[in-house]
Amino acid sequence: MNIHRFAAVFLLILAVCAFSPAQTRPAQSLSSQTAGDTLAPSGAAADQAKAAKLEHFDPNLVDKSLDPCTDFYQYACTKWLTANPIPPDQVFWGTGSGLQLWNEGLLRETLEAASANDPKRDPVHLKIGDYWFACMDESGIEAAGLKPLQPELDHIAALKSKKDITLEIVRLHHIFPGAWEQSDNQTNAAFFGFTGQQDYDDASKVVAQIDQGGLGLPSRDYYLKTDDKSKELLEKYRAHVKKMFILVGESEAQAAAHANTVVELEAAMAQAQMDNVKRRDPKNINNKMSLAQVRQLTPSIDWDAYLKAINAPASEHYIVTSPDFFRAEEKLIAGHPLDHWQAYMRWQVIHHAAPFMTKALVDENWNFFSHTLAGQEEIQPRWRRCVRNADRDLGEALGQAYVDRAFPPESKARTIQMVHAIETALTSDIQGLSWMSQTTKQQALIKLKGIEDKIGYPSQWRDYSAVKVTRDSFVNNVGQASSFEFERWVAKIGKPVDRGEWTMTPPTINAYYDPQLNTINFPAGILQPPFFDPAMDDAVNFGAIGMVIGHEIIHGFDDQGRKFDAHGNLRDWWTAEDGRQYDERGKCIADEYTQDVPEAGTGVKQNGLLTQGEDTADNGGIHLALYALETSLKQQGKSLDDKGPDGWTYRQRFFLSNAYSWCTHVRPEIARMLVTTDPHSLPVFRIDNVFSNMPEFDQAFGCKAGQRMVRANACRVW
Ligand SMILES: [Zn+2]
């Protein structure tokens, strides 16, 4: 899926991973009853369904035999983690995982009901129902075998010269525009990525963006690092590529040669890519070029033919995120014979299609990417994979019933109240800052006032009528949906910006800030227990979802977000001295989080420059949430240190609820991947580092200087 490059999300969920007026919600939803805490188990999924329960904050889970001032994460989470071991088909397992299953269970009920071959279904249910049917039809998929891939493989085999590569890229980009599943927002589309996106200098315009891409592994580091573990993984990848070629009918020798070619080409692309720390700075990727300059950059790609074939509207200019990548790709295309590129493109087809194909391809793809790289011990049941595919491909059609069942208007109203309270907290924070001048404060307040709050779901649902879905080919349905999505983004070029659009679907358990739209977005999926719990008091809710809200707002003011103004333009509104003051405080955060990550293996180190934006948002977000809670209590004539329910003070409940929402098992394999690719810190650091920077926390649990949870050189930006 395509997302705005700088959309700063709250957490990483590693799932898997037409312009008629938007349709209105169906008058009659399939399931109109509000969902309860647990779903009735059905069929083979009974075990999974048992786990599909909403967790509610429970202070009895605190392990009082531990010292809160030594390791608060352990204090708050050990009991829960011990009672809830990680299932073999998971790479993370935390207090939010029951919600993930619960959400997926609701979606499954909607999909199953819609999949009955009933001609009376409305267009929305017809589409999601047939999509579900084709995905769940394993025997049909086995019977079709490799047939669905054959036309594309034949087409690649029939290419006559390197001049033909351009139009094959067009075909590949339609079917597999690049999943953007990679945590650092980098496309894995063949050769490069192409999309429409808001201009950095003038956010009112949509221009063409051409991005580096082309890799099969999660990031360039996997090809370039020379430590033993990295070398071992690269060799396992080579073996995997070879196996996949064998599975589509190549001989042992052919497959081995093709695998070597693929790894060689991808490694050369990786070498030329801009690294993920440099990519965080929008100034580094805001390289505007004319079409003539783009043509010159890579003459081996026929850009005129490419743009014509994808139907791209004329663009005022072209943003080429990393020109060096394209210079290197030019040399690569010129330097390698056609048959090397045919092997690479064959790989692109097989690799991207594998999750939607026969069991042999699904299993081998899982074995490398989910088992070897991420540590999963068992593949997830098919229904879960199908739910997530449907959510990715038809999310706003599927999400309508979810909203009806799981997101009552009262939840929306209470969330909006909390958002306003937290925005007010940031207003006071900015006004009171000792290090910021009045000039910059005024600008900051204008930006804060300009933030648009989007809660739950879009006001207009996406129209999927152009997506052709049938009951008989799952992989073709995915290709159709991908094509639709690719064309939808390309067609935005030159048109006014659609401010109403969301880049997350309603059931998603996540949230984001979009610096170019200056919006914060909270899908209905995260506005559920344990993050948002209508049954709980303010202390619990400000501690959990309040911190998420604060986190997203702070993204507008983190080390990169602060470079955009209220209108989403990349424009420096800081005085030089205030900018310097900011950077000093930001450096404290980056230094603090440049730390060992034993959870990911010995010698693995986090790069605080990669996670600085997220860490800044965590640290600032919790201050805002705490301040908003304090204000809310004051209005009720109470204070943070009054005793609340269960004998804990409100201040204590706030921190306990925040920590509780983060209790998560993380497998070492996925931890290693995240440290390499993900801009978020691991859950344990999102508690222990953040709290150890806060005197407000010391006050809650009586922690004293010298104890581990009291940092001598505490950092504070917001
Ligand atoms: Zn974030």
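The values are calculated or read from the model by the stated rules, or taken from the named source; none is laboratory data. Values in this document were obtained by computation on a predicted structure and should not be read as measured data. So basically every Cβ, Gly included, is an ideal-geometry build from the backbone, and we count neighbours across all protein chains shown. When the accessible area is computed, the model is the full protein with side chains, heavy atoms only, and any ligands, DNA or RNA have been set aside. Shrake-Rupley method; radii C 1.70, N 1.55, O 1.52, S 1.80 Å.
Can you name the residue in region 684-718 that is open to solvent by 40 Å² or more (accessible area, probe 1.4 Å) and in contact with a helix residue (DSSP H, G or I) (Cβ under 8 Å, 6 or more places away or on another chain) and is also farthest from residue 595 (Cα to Cα) among such residues?
699
Here is a check on your reading of the model: is residue 523 under 30 Å from residue 362 (Cβ atoms) and within 16 Å of the ligand (Cβ to nearest atom)?
Details: under 30 Å from residue 362 (Cβ atoms): yes; within 16 Å of the ligand (Cβ to nearest atom): yes.
Yes: the conditions hold for residue 523.
Quick one: in region 641-683, of everything that is in a helix (DSSP H, G or I) and surrounded by fewer than 20 Cβ atoms within 10 Å (Cβ to Cβ), which residue is farthest from the ligand (Cβ to nearest atom)?
So the residue we want is 647.
Only one residue in 427, 440 is under 23 Å from residue 570 (Cβ atoms), β-branched (Val, Ile, Thr) and at pLDDT 95 or above, so which one is that?
440
Name the one entry in 531, 564, 557 that is within 16 Å of the ligand (Cβ to nearest atom) and within 13 Å of residue 717 (Cβ to Cβ). First the steps, then the outcome.
Numbers: 531 fails: within 13 Å of residue 717 (Cβ to Cβ); 564 fails: within 13 Å of residue 717 (Cβ to Cβ).
Of the residues listed, the single one that is within 16 Å of the ligand (Cβ to nearest atom) and within 13 Å of residue 717 (Cβ to Cβ) is 557.
Among the helices (runs of 4 or more DSSP H) confined wholly to region 307-416, which include 1 or more residues that are of a type outside the set (A, V, I, L, M, F, W, C) and either open to solvent by less than 10 Å² (accessible area, probe 1.4 Å) or within 30 Å of residue 625 (Cα to Cα) (or both)?
Ranges flagged: 323-335, 338-353, 382-406.
Return the residue satisfying two criteria in turn: it lies in region 142-167 and is outside any helix (DSSP H, G or I) and within 16 Å of residue 351 (Cα to Cα), and of such residues it is most open to solvent (accessible area, probe 1.4 Å). Quick ask: steps written out before the conclusion?
Of all residues in region 142-167, those outside any helix (DSSP H, G or I) come to 145-146, 158-161.
So of that shortlist, the ones also within 16 Å of residue 351 (Cα to Cα) come out as 145-146.
Numbers: 145: 17, 146: 52 Å².
Here the residue is 146.
In region 467-520, what residues are among the charged types (D, E, K, R), buried (at least 21 other Cβ atoms within 10 Å of the Cβ) and either under 15 Å from residue 135 (Cβ atoms) or within 16 Å of the ligand (Cβ to nearest atom) (or both)?
The one that is among the charged types (D, E, K, R), buried (at least 21 other Cβ atoms within 10 Å of the Cβ) and either under 15 Å from residue 135 (Cβ atoms) or within 16 Å of the ligand (Cβ to nearest atom) (or both): 514.
Taking residue 499, is it among the basic types (Lys, Arg) and part of a helix (DSSP H, G or I)?
no
Return the pairs, sorted by first residue and then second, in which the second residue is part of a strand (DSSP E or B), the first residue lies in region 554-575 and is over 21 Å from residue 511 (Cα atoms), the beta carbons are less than 7 Å apart, and the residues are 6+ apart or on different chains.
Here the result reads 570/564, each pair linking region 554-575 to a residue that is part of a strand (DSSP E or B).
Can you say whether residue 601 is modelled with pLDDT under 95, open to solvent by less than 40 Å² (accessible area, probe 1.4 Å), more than 23 Å from residue 692 (Cα to Cα) and not β-branched (Val, Ile, Thr), as far as the supplied structure shows? Give the steps one after another, and end with the answer.
Working: modelled with pLDDT under 95: yes; open to solvent by less than 40 Å² (accessible area, probe 1.4 Å): yes; more than 23 Å from residue 692 (Cα to Cα): yes; not β-branched (Val, Ile, Thr): yes.
Yes; evaluated as a whole, the condition is true for this residue.
Of all residues in region 625-640 being in a helix (DSSP H, G or I) and open to solvent by 50 Å² or more (accessible area, probe 1.4 Å), which is nearest to the ligand (Cβ to nearest atom)?
627
Can you find a residue that is surrounded by fewer than 24 Cβ atoms within 10 Å (Cβ to Cβ), of a type in the set (A, V, I, L, M) and either under 15 Å from residue 691 (Cβ atoms) or more than 14 Å from the ligand (Cβ to nearest atom) (or both) anywhere in region 615-624?
For region 615-624, residues surrounded by fewer than 24 Cβ atoms within 10 Å (Cβ to Cβ), of a type in the set (A, V, I, L, M) and either under 15 Å from residue 691 (Cβ atoms) or more than 14 Å from the ligand (Cβ to nearest atom) (or both): absent.
Is it the case that some residue within region 454-465 is within 25 Å of residue 426 (Cα to Cα) and within 16 Å of the ligand (Cβ to nearest atom)?
We begin by selecting, within region 454-465, every residue within 25 Å of residue 426 (Cα to Cα); these are 454-457.
Of the ones still in play, those that are also within 16 Å of the ligand (Cβ to nearest atom) are 454.
Within region 454-465, one or more residues are within 25 Å of residue 426 (Cα to Cα) and within 16 Å of the ligand (Cβ to nearest atom).
One residue is enough: does region 575-587 have a residue meeting the conditions outside any helix (DSSP H, G or I) and either modelled with pLDDT under 95 or within 16 Å of the ligand (Cβ to nearest atom) (or both)?
Step one: of region 575-587, the residues outside any helix (DSSP H, G or I) are 575.
Among the residues that remain, those that are also either modelled with pLDDT under 95 or within 16 Å of the ligand (Cβ to nearest atom) (or both) are: none.
So far as region 575-587 goes, no, none of its residues is outside any helix (DSSP H, G or I) and either modelled with pLDDT under 95 or within 16 Å of the ligand (Cβ to nearest atom) (or both).
What pairs come out if I take residues in region 394-411 that are charged (D, E, K, R) and pair them with residues that are part of a helix (DSSP H, G or I) whose C-beta lies under 9 Å away, six or more apart or interchain?
405/106; 405/109; 405/110
Look at region 282-306 and say how many of its residues are touching a helix residue (DSSP H, G or I) at 6+ places or on another chain (Cβ under 8 Å) and more than 21 Å from residue 202 (Cα to Cα).
The qualifying residues number 11.
List every residue pair whose Cβ atoms lie under 6 Å apart, where the two residues are 6 or more positions apart in sequence or sit on different chains, the first residue falls within region 490-508 and is among the small types (Gly, Ala, Ser), and the second residue, located anywhere, is open to solvent by 30 Å² or more (accessible area, probe 1.4 Å).
494/313; 500/459; 500/460
Conditions (1) in a loop (DSSP other than H, G, I, E, B); (2) modelled with pLDDT of 95 or more; (3) of a type in the set (Val, Ile, Thr), marked per residue:
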{"residue": "12", "(1), (2), (3)": "yes, no, no"}
{"residue": "21", "(1), (2), (3)": "yes, no, no"}
{"residue": "29", "(1), (2), (3)": "yes, no, no"}
{"residue": "36", "(1), (2), (3)": "yes, no, no"}
{"residue": "75", "(1), (2), (3)": "no, yes, no"}
{"residue": "90", "(1), (2), (3)": "yes, yes, no"}
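Give the residues of region 95-109 that are closer than 15 Å to residue 396 by Cα and open to solvent by less than 10 Å² (accessible area, probe 1.4 Å), sorted by residue number.
Initial filter on region 95-109 (closer than 15 Å to residue 396 by Cα): 103-104, 106-108.
Within region 95-109, 103, 104, 106, 107 qualify.
List the residue pairs whose Cβ atoms are under 7 Å apart, where the first residue sits in region 586-598 and is closer than 12 Å to residue 690 by Cα, the second is not in a helix (DSSP H, G or I), and the two are 6 or more positions apart or on different chains.
589/715; 589/717; 592/715; 593/606; 593/681
How many residues are more than 22 Å from residue 679 (Cβ to Cβ), touching a Phe, Trp or Tyr at 6+ places or on another chain (Cβ under 6 Å) and not small (Gly, Ala, Ser) when one looks only at region 261-276?
So the count comes out to 2.
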